[in-house]
Amino acid sequence: KWEKRQCKIDKINNIHMYLDRTSLEIFLNDGQIVFSSRFYGENAKKQCSISVEGNTKFSWQNWSLNSYQYKNHKLKRLCTNV
């Protein structure tokens, strides 16, 4: 099942979208309006669409980020039982 989110806004100056394995964050105009969504299983196909009314011109930049994986590190104990 897909979620549909919408809003009315006079002018969009910029859109920032952040997508990882299970979440999507969309920020309009540096956070004036924010959309968040989580997805799991079959819904994790990572598709997103944006539609607008009227004439629109925009540019798109995409960055792929590397993930960090923890290896078998022993953590220092910060507290001790008294």
> Taking interchain pairs and intrachain pairs at least six residues apart, which have beta carbon atoms under 6 angstrom, with the first residue in the range 1-23 and outside any loop (DSSP other than H, G, I, E, B) and the second of a type in the set (D, E, K, R)?
Replying inline: Y18/E25; S23/R38
> So which residues in the range 35-82 are modelled with pLDDT of 80 or more and either in contact with an Asp or Glu (Cβ under 7 Å, 6 or more places away or on another chain) or part of a helix (DSSP H, G or I) (or both)?
Replying inline: S36, S37
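The values are calculated or read from the model by the stated rules, or taken from the named source; none is laboratory data. These numbers come from a predicted model, not from an experiment. A quick note on method: Cβ atoms are made from the backbone with ideal geometry, for glycine too, and the neighbour counts reach across all protein chains shown.
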